[in-house]
Amino acid sequence: MAHHTVNPPQLPTPKGFSHGTLAGNTLYLGGQTALDKNMNIVPGGIVEQFRQSFSNVLTTLAASGGQPEDLVNITIFLTDIPDYQAHGREIGRVWRELAGPVYPAMAGIGTTGLWQADALIEITAIAVIPEDRLIRP
């Protein structure tokens, strides 16, 4: 089965990775930190970084015709799990604002660091996009 890279122009130009890989109608979304278009981690704490990281995931998803309800799995890597937990209500509000009320299978994993030293969060995901909405690059 052929696969295609998905690198939306709204996101930083990837070097050595792809924002997404489409295999059939399954989109594997690469790790997204809170980088803005200028390759800077957004200011603020975990809530602001969650918003940017998840928005980056959704940007790649949309570039393939996907919608938030197509997400089937999300993994969130965190440098400070207690901080994420302390802001859970705010993060939940951001999720519902961006993706609605449905949550896919999900895991949160603690880590000692991420690629950008000031990143607090990185999100990877998998989506299954219906053929009638699928956009192949």
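Summed over qualifying helices (DSSP H, 4 residues or more, each -39500 (n - 2.57)) and divided by its residue number, the chain shows a 222 nm mean residue ellipticity of -8000 deg cm²/dmol. Just checking the listed ones, 26, 124, 13: in the Gaussian network model of the chain with Cα springs under 10 Å, the one fluctuating most is 13. Counting every alpha-carbon pair across the chain, the share separated by more than 28 Å comes to 13%. Between residue 118 and residue 102, the contour length at 0.36 nm per residue exceeds the Cα-Cα span by 2.8 nm. Rank 56, 38, 73 by mean-square fluctuation in a GNM of the chain with C-alpha springs under 10 angstrom and give only the top-ranked residue. Comparing 56, 38, 73 in a Gaussian network model of the chain, the most mobile one is 38. Placing pseudo-labels 7 Å out from each Cα toward the beta carbon at residue 36 and residue 67 gives an inter-label distance of 3.0 nm. Think of segment 3-128 as having a plus end and a minus end, set by charges on the Cβ of Lys, Arg, Asp and Glu; of 76, 127, 102, 127 sits farthest toward the positive end of this dipole.
Remark: segment 17-29, residue by residue, has Karplus-estimated 3J(HN,Hα) of 7, 10, 5, x, 10, 9, 10, x, 10, 9, 10, 9, 9 Hz, where x stands for each Gly or Pro and the curve is 6.51 cos²θ - 1.76 cosθ + 1.60 at θ = phi - 60°.
Cβ crowding within 10 Å ranks 28, 103 as 103, 28, fewest other Cβ atoms first. Across segment 71-84, coupling constants 3J(HN,Hα) worked out from phi with the 6.51/-1.76/1.60 Karplus curve, θ = phi - 60°, read 5, 10, 7, 9, 10, 10, 9, 10, 8, 8, 4, x, 5, 4 Hz, and Gly and Pro carry x. Along segment 51-65 the Karplus relation, 6.51 cos²θ - 1.76 cosθ + 1.60 evaluated at θ = phi - 60°, assigns HN-Hα couplings of 4, 5, 4, 5, 4, 4, 4, 5, 5, 5, 4, 5, 5, 9, x Hz to successive residues, with x for each Gly and Pro.
If you plug the beta carbon distance of residue 13 and residue 133 into 1/(1 + (r/R0)^6) with R0 = 25 Å, you get a FRET efficiency near 0.45.
No value in this document is a laboratory result; all are computed from the given coordinates. Only a predicted model underlies this, so the values are computations on that prediction, with no experimental measurement involved. All Cβ positions, even for glycine, are placed from backbone atoms using ideal geometry, and neighbour counts span all protein chains on display.
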